[in-house]
Each structure stands twice: as C-alpha cells, then as structure tokens.
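Worksheet: one structure, shown below.
Computed from the coordinates by the stated procedures, all read-outs in this text should not be read as laboratory data. If you're wondering where the values come from, they're calculated on a predicted model, not measured in any experiment. Every residue, glycine among them, receives a Cβ derived from its backbone with ideal geometry; neighbour counts consider all protein chains shown.
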Amino acid sequence: MPILHGVNASPFVRKARVALAAKGIDYELNPVMPMGVSDEYKQKSPLGKIPCWEDGDFVLPDSSCIIAYLEKRQPEPALYPSDAQELGRALFYEEYADTKLAETVGAFFFERIVKAKIMKAEPDEARVAKTLAEDVPTVFDYLESQAPDSGDAIVGGRFSVADIGLGSQFVNARHAGLTVDAARWPKLAAYVDAVHGNPLFKPIIEEEVAQLSAL
Ligand SMILES: N[C@@H](CCC(=O)N[C@@H](CS)C(=O)NCC(=O)O)C(=O)O
C-alpha cells in the first residue's frame, strides 16, 4: 500500500488527499507532524515538509509535484485543464493558494488552532486582527474578481487542481474561524461553499472537524 506522509489539517496534505480521492487511489496516511522531523524523514523529503508520497522505491515530496505525478500516472479524471491558457491559469491559482493565501490563512490557523488548541498557548489575537485588516481584504478582493459566477470550478467550468489548492486553504480558514463575508465577497463565498461541498472535499473536512473538535 502506498503511503502519504503527513497529518490532516495541513492544507498541502489535504491537496494530495483530495487528488488521491479523485483518482480513486488507495493509500495509508502516516501521520508525520511538520517541524522537528527526523533525519530519516528528511531523506525522503529534503525540505523537511509534509506531504511526501512513498510507493515502494518511489518517493516524492511536495503537494504540487505529487498531484502532477498522479495525473500522469492516472489521467482520468483530469485534474488539469487541457487548454494551454486554462492550464496556465489553473497553475497560477494553485501557486497563489500555496503562497499568498496560505500565508494569510496560516496566521489564523497557527494562532487559533496550532497555538491555542495544540500547544495550549495564548493566541496572538493582535496578529490575527492585523492580518484581518491588512491581508484578508487584498486576498479576498482578488479572489472575488476571479471567482466563477457559480459552481466549484474557477477555470473553464471544470473542477481542477486550482480548486483543490484554493479550496484546501479555505478549509484551514474555516477551521480557524475565518469565513468569507458573503455580503462583501458574494462570488467568493459561494465558490468556497461549492468547493467544500464537492464530494471529494466533504468527507475529508468532516473527518478533520471531528478530529479537531476532540482536541
Ligand atoms: N510546497 C509544499 C509546502 C508544504 C508545507 O509547507 N507544509 C508544511 C505543513 S502545512 C510543513 O511541512 N512545514 C514544515 C516546515 O516548513 O518546516 C507543498 O506543496 O507540499
């Protein structure tokens, strides 16, 4: 059985899990916690990050690389648009999700979940407020301008790696109590709801909510 190293609630592990679910590939989740990983794990994932995929002798870190590999290995259902421009846009949304959106949501998730629930420390609400005032509007305004008029697909009317990347970060936002105000960002709010309602996301979100509520 192939192994996906990493823990639930990591947006990058979740990306890989959603793609694996889409492709119908079975795997075992090996709960490697990020930070302070072993030297043995660094042999597999040289940046020391999760997720990392291991299938026999084949080892591959990084959610984006894992999803691209899965697509070649099993092309259907396609998670990347076939049109060149749509592919470019989908890859950019994935990149935006993995960087700017991840940094913004990460501030909430770190303070409210990692610090408050796991480390049992006081969250830095001033940092949360600063992120809410300065970063959230910029990021949500941009995504509102890009969000589809309806449905769970931001590119070409078909669910893709872009929706996996964006949707996954918004699961962390949701866990940390950062919601999209539908009065201010209506298209983004509807899009996030649609992605989270997608049957590939829904069971993973439910599993994580149950795990987090037990903390
Ligand atoms: N580009 C990587 C990012 C993965 C990532 O940053 N994972 C976090 C956990 S959510 C991590 O392992 N952090 C530990 C560290 O940065 O040392 C991917 O897409 O897989």
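GNM on the chain, C-alpha springs below 10 Å: top fluctuator among 25, 205, 50?
25
Mind checking which helices in the chain clear 20 Å along their axis (Cα) and have mean Kyte-Doolittle hydropathy of -0.5 or more, DSSP H runs only?
Sorted by number, the helices that extend far enough and score high enough are 161-175.
Would you mind telling me which residue in 165, 151, 24 has the biggest mean-square fluctuation in a Gaussian network model of the chain, where springs connect alpha carbons within a distance under 10 angstrom?
Taking springs between Cα atoms under 10 Å, the residue moving most is 24.
Along each principal axis of its Cα atoms, how long is the chain end to end? Whole angstroms, biggest number first, please.
Largest first, the chain extends 49, 46, 27 Å along its Cα principal axes.
On a C-alpha basis, how far is the centre of the range 89-120 from the centre of the range 198-215 in Å? Whole number, if you could?
Distance between centres, Cα-based: 17 Å.
Could you bin all the Cα-Cα distances of the range 1-101 into 5 Å bins starting at 0 and give me the percent of pairs in each, rounded to whole numbers?
3, 12, 23, 25, 18, 12, 6, 1, 0
How large is the helix-only mean residue ellipticity at 222 nm for the chain, computed as the sum of -39500 (n - 2.57) over DSSP H runs with n ≥ 4, divided by its residue count, in deg cm²/dmol to the nearest 500?
Mean residue ellipticity, 222 nm, calculated: -15500 deg cm²/dmol.
Listed highest first by mean packing, meaning other Cβ atoms within 10 Å per residue, what order do 40-48, 7-15 come in?
Top to bottom by mean Cβ count within 10 Å: 7-15, 40-48.
Whole number please: convex hull volume per residue, Cα atoms of the range 80-179, in Å³.
Residue-normalised Cα hull volume stands at 88 Å³.
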